[in-house]
Amino acid sequence: MKPTRRELFGAAAAGVAIGGAALARPRSSPVRHFPVSNVSIAKAPGYTMDVYDTVYRIVAEHKLNVRGKRVVLKPNLVEFDPDTAINTNPIVVHAAYEAFRKLGAEVQIAEGPGHRRATLDLADAAGYFHTVPKFEDAFTDLNLDNVSRLAIPEPVSQLKSLYLPHTVLDCDLLVSLPKMKTHHWAGATLAMKNLFGLVPGGVYGWPKNVLHWAGIPQSIVDLHHLFPRQFAIVDGIVGMEGNGPIQGTPKQAGVLVAGSDVAAVDATCCRIMGIDPKRIEYLRLARGEENLGESAFRQIGEPIDAVRTPFGLIDPWRQMIQAA
(Lines give C-alpha, C1' and ligand atoms only; values in the text may rest on other atoms or scores of the structure.)
Protein backbone atom coordinates (compact mmCIF):
# COMPACT_ATOMS: atom_id res chain seq x y z
CA MET A 1 0.00 0.00 0.00
CA LYS A 2 1.08 3.53 -0.68
CA PRO A 3 1.42 5.42 2.65
CA THR A 4 -0.70 8.50 3.26
CA ARG A 5 0.77 11.99 3.34
CA ARG A 6 0.13 12.14 7.11
CA GLU A 7 2.07 8.89 7.64
CA LEU A 8 4.89 10.04 5.40
CA PHE A 9 5.30 13.40 7.06
CA GLY A 10 5.13 11.87 10.51
CA ALA A 11 7.91 9.48 9.65
CA ALA A 12 9.93 12.30 8.12
CA ALA A 13 9.52 14.51 11.15
CA ALA A 14 10.59 11.66 13.40
CA GLY A 15 13.81 11.44 11.41
CA VAL A 16 15.10 14.86 12.51
CA ALA A 17 15.65 16.53 15.83
CA ILE A 18 13.34 19.55 15.86
CA GLY A 19 13.52 21.84 18.84
CA GLY A 20 14.18 25.42 17.92
CA ALA A 21 17.07 25.45 15.43
CA ALA A 22 18.26 21.88 15.14
CA LEU A 23 21.99 21.48 14.59
CA ALA A 24 23.71 18.61 12.85
CA ARG A 25 25.75 16.22 14.94
CA PRO A 26 29.43 17.13 15.16
CA ARG A 27 31.54 14.57 13.36
CA SER A 28 35.25 14.00 13.08
CA SER A 29 36.33 12.36 9.82
CA PRO A 30 39.57 10.52 9.10
CA VAL A 31 41.68 11.70 6.19
CA ARG A 32 40.09 10.46 2.98
CA HIS A 33 41.69 9.82 -0.38
CA PHE A 34 39.96 10.27 -3.75
CA PRO A 35 41.21 9.37 -7.21
CA VAL A 36 42.06 12.32 -9.45
CA SER A 37 38.88 13.00 -11.42
CA ASN A 38 38.28 14.69 -14.76
CA VAL A 39 36.35 17.97 -14.85
CA SER A 40 35.45 19.53 -18.21
CA ILE A 41 35.48 23.30 -18.65
CA ALA A 42 34.11 24.64 -21.93
CA LYS A 43 33.54 28.20 -23.09
CA ALA A 44 29.97 28.96 -24.15
CA PRO A 45 29.42 32.66 -24.79
CA GLY A 46 25.64 32.48 -25.17
CA TYR A 47 22.53 30.32 -25.47
CA THR A 48 22.97 29.56 -29.16
CA MET A 49 22.85 26.40 -31.27
CA ASP A 50 26.57 25.97 -30.53
CA VAL A 51 25.56 24.80 -27.03
CA TYR A 52 24.25 21.53 -28.53
CA ASP A 53 27.63 20.63 -30.02
CA THR A 54 29.48 21.70 -26.89
CA VAL A 55 27.31 19.63 -24.55
CA TYR A 56 27.52 16.54 -26.78
CA ARG A 57 31.31 16.85 -26.94
CA ILE A 58 31.52 17.18 -23.15
CA VAL A 59 29.33 14.13 -22.53
CA ALA A 60 31.15 12.06 -25.18
CA GLU A 61 34.63 12.85 -23.83
CA HIS A 62 33.67 11.37 -20.45
CA LYS A 63 32.91 8.04 -22.17
CA LEU A 64 29.73 7.38 -20.19
CA ASN A 65 28.21 3.94 -20.79
CA VAL A 66 24.57 4.94 -21.20
CA ARG A 67 23.36 2.94 -24.21
CA GLY A 68 20.09 1.29 -23.22
CA LYS A 69 20.27 2.89 -19.77
CA ARG A 70 17.73 5.10 -18.00
CA VAL A 71 19.09 8.63 -17.60
CA VAL A 72 17.26 11.31 -15.58
CA LEU A 73 18.12 14.97 -16.16
CA LYS A 74 17.47 17.13 -13.12
CA PRO A 75 17.46 20.88 -13.97
CA ASN A 76 17.11 23.71 -11.47
CA LEU A 77 13.59 25.18 -11.62
CA VAL A 78 12.94 27.57 -8.75
CA GLU A 79 10.99 30.67 -9.67
CA PHE A 80 10.41 32.72 -12.78
CA ASP A 81 11.49 36.31 -13.25
CA PRO A 82 12.13 37.52 -16.82
CA ASP A 83 14.68 40.08 -15.57
CA THR A 84 17.11 37.66 -13.94
CA ALA A 85 18.69 34.20 -14.31
CA ILE A 86 17.14 31.86 -11.76
CA ASN A 87 16.51 28.60 -13.64
CA THR A 88 18.67 26.31 -15.75
CA ASN A 89 18.30 27.61 -19.29
CA PRO A 90 16.08 25.32 -21.39
CA ILE A 91 18.65 25.23 -24.23
CA VAL A 92 21.17 23.59 -21.87
CA VAL A 93 18.53 21.08 -20.77
CA HIS A 94 17.50 20.27 -24.33
CA ALA A 95 21.16 19.97 -25.40
CA ALA A 96 21.78 17.43 -22.63
CA TYR A 97 18.55 15.60 -23.53
CA GLU A 98 19.64 15.27 -27.17
CA ALA A 99 23.23 14.35 -26.27
CA PHE A 100 22.24 11.43 -24.06
CA ARG A 101 19.61 10.26 -26.56
CA LYS A 102 22.27 10.33 -29.29
CA LEU A 103 24.40 8.06 -27.10
CA GLY A 104 21.52 5.56 -26.91
CA ALA A 105 20.06 6.38 -23.50
CA GLU A 106 16.39 6.46 -22.50
CA VAL A 107 16.15 10.03 -21.20
CA GLN A 108 13.68 11.65 -18.84
CA ILE A 109 13.60 15.17 -17.37
CA ALA A 110 12.49 15.49 -13.74
CA GLU A 111 12.29 18.22 -11.11
CA GLY A 112 10.53 19.00 -7.84
CA PRO A 113 10.63 22.76 -7.23
CA GLY A 114 10.78 23.85 -3.62
CA HIS A 115 8.75 27.05 -3.94
CA ARG A 116 6.20 26.58 -6.73
CA ARG A 117 3.59 23.84 -6.63
CA ALA A 118 2.45 24.28 -10.23
CA THR A 119 5.58 22.73 -11.70
CA LEU A 120 4.38 22.55 -15.30
CA ASP A 121 3.31 26.20 -15.23
CA LEU A 122 6.77 27.10 -13.94
CA ALA A 123 8.44 25.03 -16.66
CA ASP A 124 6.26 26.68 -19.28
CA ALA A 125 7.08 30.16 -18.01
CA ALA A 126 10.79 29.30 -18.05
CA GLY A 127 10.62 28.33 -21.72
CA TYR A 128 10.85 24.54 -21.43
CA PHE A 129 7.69 23.78 -23.43
CA HIS A 130 8.86 26.07 -26.21
CA THR A 131 12.41 24.66 -26.38
CA VAL A 132 11.99 20.92 -25.66
CA PRO A 133 9.63 19.18 -28.14
CA LYS A 134 6.90 17.17 -26.39
CA PHE A 135 8.28 18.36 -23.07
CA GLU A 136 5.31 17.15 -21.02
CA ASP A 137 5.81 13.58 -22.32
CA ALA A 138 9.45 13.63 -21.21
CA PHE A 139 8.87 15.27 -17.82
CA THR A 140 8.09 13.95 -14.33
CA ASP A 141 7.09 16.18 -11.43
CA LEU A 142 9.14 14.74 -8.57
CA ASN A 143 6.96 16.51 -6.02
CA LEU A 144 4.08 14.22 -7.00
CA ASP A 145 5.90 11.01 -7.99
CA ASN A 146 5.46 7.69 -6.18
CA VAL A 147 8.01 7.35 -3.38
CA SER A 148 9.88 4.81 -1.32
CA ARG A 149 11.65 5.28 1.99
CA LEU A 150 15.43 5.07 1.79
CA ALA A 151 17.67 4.79 4.85
CA ILE A 152 20.68 7.11 4.94
CA PRO A 153 23.79 5.10 5.84
CA GLU A 154 26.09 7.01 8.21
CA PRO A 155 24.16 10.28 7.96
CA VAL A 156 25.99 13.56 8.34
CA SER A 157 22.76 15.48 9.01
CA GLN A 158 20.00 14.87 11.55
CA LEU A 159 18.11 12.83 8.96
CA LYS A 160 17.88 9.07 9.33
CA SER A 161 15.95 8.39 6.12
CA LEU A 162 14.16 10.12 3.26
CA TYR A 163 11.19 9.33 1.06
CA LEU A 164 12.43 9.75 -2.50
CA PRO A 165 10.76 9.50 -5.93
CA HIS A 166 10.86 6.24 -7.86
CA THR A 167 11.88 8.09 -11.03
CA VAL A 168 15.30 8.93 -9.59
CA LEU A 169 15.68 5.83 -7.43
CA ASP A 170 15.19 3.60 -10.48
CA CYS A 171 17.45 5.45 -12.95
CA ASP A 172 20.89 4.24 -14.02
CA LEU A 173 22.41 7.73 -14.12
CA LEU A 174 21.25 10.94 -12.46
CA VAL A 175 22.43 14.06 -14.28
CA SER A 176 22.36 17.27 -12.27
CA LEU A 177 21.87 20.36 -14.47
CA PRO A 178 22.12 23.32 -12.09
CA LYS A 179 22.50 27.03 -12.69
CA MET A 180 25.77 28.53 -11.42
CA LYS A 181 24.60 30.75 -8.55
CA THR A 182 25.56 32.17 -5.20
CA HIS A 183 23.43 31.17 -2.22
CA HIS A 184 22.64 33.31 0.81
CA TRP A 185 22.84 30.32 3.20
CA ALA A 186 25.20 27.82 1.55
CA GLY A 187 27.58 30.23 -0.17
CA ALA A 188 27.18 28.64 -3.60
CA THR A 189 24.46 26.47 -5.12
CA LEU A 190 25.67 24.11 -7.83
CA ALA A 191 25.31 20.42 -8.75
CA MET A 192 25.17 19.02 -5.21
CA LYS A 193 22.71 21.56 -3.80
CA ASN A 194 20.54 21.00 -6.90
CA LEU A 195 19.59 17.59 -5.47
CA PHE A 196 17.29 19.29 -2.94
CA GLY A 197 14.79 19.21 -5.81
CA LEU A 198 14.67 15.41 -5.53
CA VAL A 199 12.96 15.62 -2.15
CA PRO A 200 9.19 15.46 -2.81
CA GLY A 201 7.05 18.39 -1.75
CA GLY A 202 4.08 16.02 -1.79
CA VAL A 203 5.62 14.37 1.27
CA TYR A 204 7.55 17.12 3.01
CA GLY A 205 5.62 20.21 1.92
CA TRP A 206 6.99 23.47 0.53
CA PRO A 207 9.68 24.82 0.86
CA LYS A 208 10.98 21.44 2.13
CA ASN A 209 12.06 22.78 5.50
CA VAL A 210 12.92 19.30 6.74
CA LEU A 211 16.26 19.74 4.93
CA HIS A 212 16.84 23.09 6.62
CA TRP A 213 16.01 21.75 10.07
CA ALA A 214 18.44 18.88 9.57
CA GLY A 215 21.27 21.23 8.52
CA ILE A 216 21.60 22.54 4.97
CA PRO A 217 25.26 21.61 4.26
CA GLN A 218 24.82 18.25 5.96
CA SER A 219 21.61 17.44 4.06
CA ILE A 220 23.36 18.32 0.79
CA VAL A 221 26.03 15.74 1.57
CA ASP A 222 23.55 13.04 2.63
CA LEU A 223 21.57 13.42 -0.60
CA HIS A 224 24.80 13.36 -2.60
CA HIS A 225 25.84 10.08 -0.98
CA LEU A 226 22.46 8.45 -1.73
CA PHE A 227 23.08 8.75 -5.48
CA PRO A 228 26.50 7.33 -6.34
CA ARG A 229 25.82 7.24 -10.11
CA GLN A 230 25.82 10.91 -11.06
CA PHE A 231 27.00 13.27 -13.75
CA ALA A 232 26.76 17.06 -13.71
CA ILE A 233 26.65 19.80 -16.32
CA VAL A 234 26.59 23.26 -14.73
CA ASP A 235 24.96 26.10 -16.68
CA GLY A 236 27.38 28.94 -16.10
CA ILE A 237 26.68 30.71 -19.38
CA VAL A 238 24.70 33.27 -17.40
CA GLY A 239 24.73 32.64 -13.67
CA MET A 240 23.59 34.61 -10.64
CA GLU A 241 25.67 36.65 -8.20
CA GLY A 242 24.82 38.57 -5.05
CA ASN A 243 21.78 37.53 -3.04
CA GLY A 244 21.20 34.17 -4.78
CA PRO A 245 19.60 31.79 -5.41
CA ILE A 246 16.52 33.91 -6.25
CA GLN A 247 17.09 37.61 -5.55
CA GLY A 248 20.54 38.01 -7.06
CA THR A 249 21.52 39.57 -10.37
CA PRO A 250 22.57 37.89 -13.64
CA LYS A 251 26.28 37.27 -14.12
CA GLN A 252 27.72 36.45 -17.55
CA ALA A 253 30.37 33.76 -17.06
CA GLY A 254 30.19 32.07 -20.49
CA VAL A 255 31.09 28.60 -19.29
CA LEU A 256 29.82 25.03 -18.93
CA VAL A 257 31.43 22.78 -16.30
CA ALA A 258 30.89 19.01 -16.19
CA GLY A 259 32.05 15.70 -14.76
CA SER A 260 31.14 12.48 -12.98
CA ASP A 261 32.69 13.56 -9.67
CA VAL A 262 30.02 16.07 -8.73
CA ALA A 263 31.87 17.49 -5.73
CA ALA A 264 34.90 18.08 -7.97
CA VAL A 265 32.64 19.86 -10.47
CA ASP A 266 31.28 22.10 -7.71
CA ALA A 267 34.77 22.88 -6.39
CA THR A 268 35.88 23.84 -9.90
CA CYS A 269 32.81 26.07 -10.32
CA CYS A 270 33.65 27.79 -7.05
CA ARG A 271 37.13 28.61 -8.31
CA ILE A 272 35.68 29.99 -11.54
CA MET A 273 33.34 32.16 -9.41
CA GLY A 274 36.25 33.43 -7.30
CA ILE A 275 35.15 31.42 -4.25
CA ASP A 276 37.52 29.30 -2.18
CA PRO A 277 35.92 25.79 -2.21
CA LYS A 278 37.68 24.91 1.05
CA ARG A 279 35.41 27.44 2.77
CA ILE A 280 32.18 25.88 1.49
CA GLU A 281 31.02 23.60 4.29
CA TYR A 282 29.24 20.97 2.19
CA LEU A 283 32.33 20.52 0.02
CA ARG A 284 34.55 20.07 3.10
CA LEU A 285 32.10 17.51 4.45
CA ALA A 286 31.89 15.64 1.14
CA ARG A 287 35.60 15.43 0.30
CA GLY A 288 37.62 16.82 3.18
CA GLU A 289 39.62 20.02 2.88
CA GLU A 290 42.71 18.05 1.87
CA ASN A 291 40.90 16.86 -1.31
CA LEU A 292 39.77 20.26 -2.56
CA GLY A 293 43.05 21.61 -3.90
CA GLU A 294 43.41 22.27 -7.63
CA SER A 295 45.75 19.28 -7.97
CA ALA A 296 42.95 16.96 -6.83
CA PHE A 297 41.18 17.39 -10.19
CA ARG A 298 42.26 17.05 -13.80
CA GLN A 299 40.87 19.89 -15.91
CA ILE A 300 39.77 19.04 -19.47
CA GLY A 301 39.39 21.87 -21.96
CA GLU A 302 39.85 25.42 -20.74
CA PRO A 303 42.10 26.22 -17.76
CA ILE A 304 40.33 27.88 -14.84
CA ASP A 305 42.25 31.12 -15.32
CA ALA A 306 40.85 31.44 -18.86
CA VAL A 307 37.25 31.50 -17.60
CA ARG A 308 37.57 32.86 -14.07
CA THR A 309 34.75 35.33 -13.45
CA PRO A 310 34.49 36.57 -9.85
CA PHE A 311 30.90 36.58 -8.60
CA GLY A 312 29.74 39.25 -6.20
CA LEU A 313 28.83 37.98 -2.74
CA ILE A 314 26.69 39.37 0.05
CA ASP A 315 27.99 39.89 3.58
CA PRO A 316 29.06 37.91 5.56
CA TRP A 317 30.01 35.53 2.72
CA ARG A 318 32.23 38.15 1.12
CA GLN A 319 34.68 38.01 4.01
CA MET A 320 34.27 34.28 4.65
CA ILE A 321 34.67 32.60 1.27
CA GLN A 322 35.97 34.98 -1.38
CA ALA A 323 39.19 33.62 -2.84
CA ALA A 324 42.22 35.87 -2.94
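Ordered by residue, what ³J(HN,Hα) values in Hz, to whole numbers, does the range 129-136 give under the Karplus form 6.51 cos²θ - 1.76 cosθ + 1.60, where θ = phi - 60° and Gly and Pro are x?
These are the phi-based 3J(HN,Hα) values: 5, 6, 8, 9, x, 6, 3, 4 Hz.
Which far-off residues, 5 or more places away or on another chain, put their amide H under 5 Å from the one on V39, with H placed in the peptide plane?
R298, Q299, I300
Could you list which residues have their amide H under 5 Å from that of V147, counting only those 5 or more apart in sequence or on another chain, with H placed in the peptide plane?
H166
Can you sort K134, K69, K43 by 1.4 Å-probe accessible area, starting with the largest? Could the numbers behind the result be given before it?
Working: K134 160, K69 70, K43 105 Å².
The residues order as K134, K43, K69, largest area first.
Tally Lys/Arg at +1 and Asp/Glu at -1 over every other residue whose Cβ is under 10 Å from the Cβ of A105; what's the total?
Details: positive: R67, K69, R70, R101, K102; negative: E106, D172.
Its environment carries a net charge of +3.
Please give the charge dipole size of the range 194-324, origin at the Cα centre, charges +1 on K and R Cβ atoms and -1 on D and E Cβ atoms. Round to the nearest 20 debye.
Numbers: 11 positive and 13 negative charges, 27 e Å.
For this selection, approximately 140 debye.
Please give me, ordered by residue number, the trypsin sites (Lys or Arg not before Pro) of the range 154-233 that lie in loop per DSSP and have at most 13 other Cβ atoms within 10 Å. Mind dumping the intermediate values first?
On the way: sites: K160, K179, K181, K193, K208, R229; in loops: K160, K208, R229.
When the trypsin sites (Lys or Arg not before Pro) of the range 154-233 are filtered for loop state and at most 13 Cβ neighbours within 10 Å, R229 remain.
Leaving out ligands, DNA and RNA, what percent of the accessible area of the range 49-126 is carbon and sulfur, probe 1.4 Å?
Numbers: 1510 of 3520 Å².
Of the solvent-accessible surface of the range 49-126, carbon and sulfur hold 43 percent.
Mind putting a number on the dipole of the range 27-91 about its Cα centre? Charges go on the C-beta only, +1 for Lys and Arg and -1 for Asp and Glu, and I need it in Debye to the nearest 20. Don't skip to the answer; put the middle values down first.
Numbers: 9 positive and 6 negative charges, 138 e Å.
Charge dipole, the range 27-91, about its Cα centre: 660 debye, nearest 20.
What does the charge dipole of the chain about its Cα centre add up to, to the nearest 20 debye, if the Cβ of each Lys and Arg holds +1 and the Cβ of each Asp and Glu holds -1?
Values: 34 positive and 32 negative charges, 156 e Å.
Roughly 740 debye for the chain.
Within straight cross-link reach of K208, meaning Cα distance under 24 Å, which lysines are found once same-chain residues fewer than 8 apart are removed?
Cα-Cα hits under 24 Å: K2, K74, K160, K179, K181, K193.
Given the protein chains as shown and a 1.4 Å probe, how many square angstrom of F139 are accessible, to the nearest 10?
20 Å²
Only Cα pairs within less than 10 Å get springs; with that Gaussian network setup on the chain, which residue of L174, L150, L120 has the largest fluctuation?
For the chain, modelled as a Gaussian network with Cα springs under 10 Å, the answer is L150.
Hey, how many Å between the Cα centroid of the range 202-261 and the Cα centroid of the range 47-83?
For the range 202-261 versus the range 47-83, the Cα centre distance is 16 Å.
Taking H as built 1.01 Å from N, whose amide H comes closer than 5 Å to the amide H of T140, not counting residues under 5 places away?
I109, A110, E111
Just the number, please: carbon plus sulfur as a percent of the accessible area of the range 134-178, 1.4 Å probe, no ligands or DNA/RNA counted.
Details: 850 of 1820 Å².
After summing per-atom areas, the C and S share lands at 47 percent.
Using a probe of 1.4 angstrom, how much of the accessible area of the range 221-289 is carbon and sulfur, in percent? List each step's numbers first, then the result.
On the way: 790 of 1800 Å².
Its accessible area is 44 percent carbon and sulfur atoms.
The values are calculated or read from the model by the stated rules, or taken from the named source; none is laboratory data. What you see is a predicted model, and the numbers here were worked out from it, not measured in a lab. Please note: Cβ atoms are built from the backbone with ideal geometry, for glycine as well, and neighbour counts cover all protein chains shown. Ligands, DNA and RNA are excluded from the accessible area calculation, which covers all protein heavy atoms including side chains. Shrake-Rupley method; radii C 1.70, N 1.55, O 1.52, S 1.80 Å.
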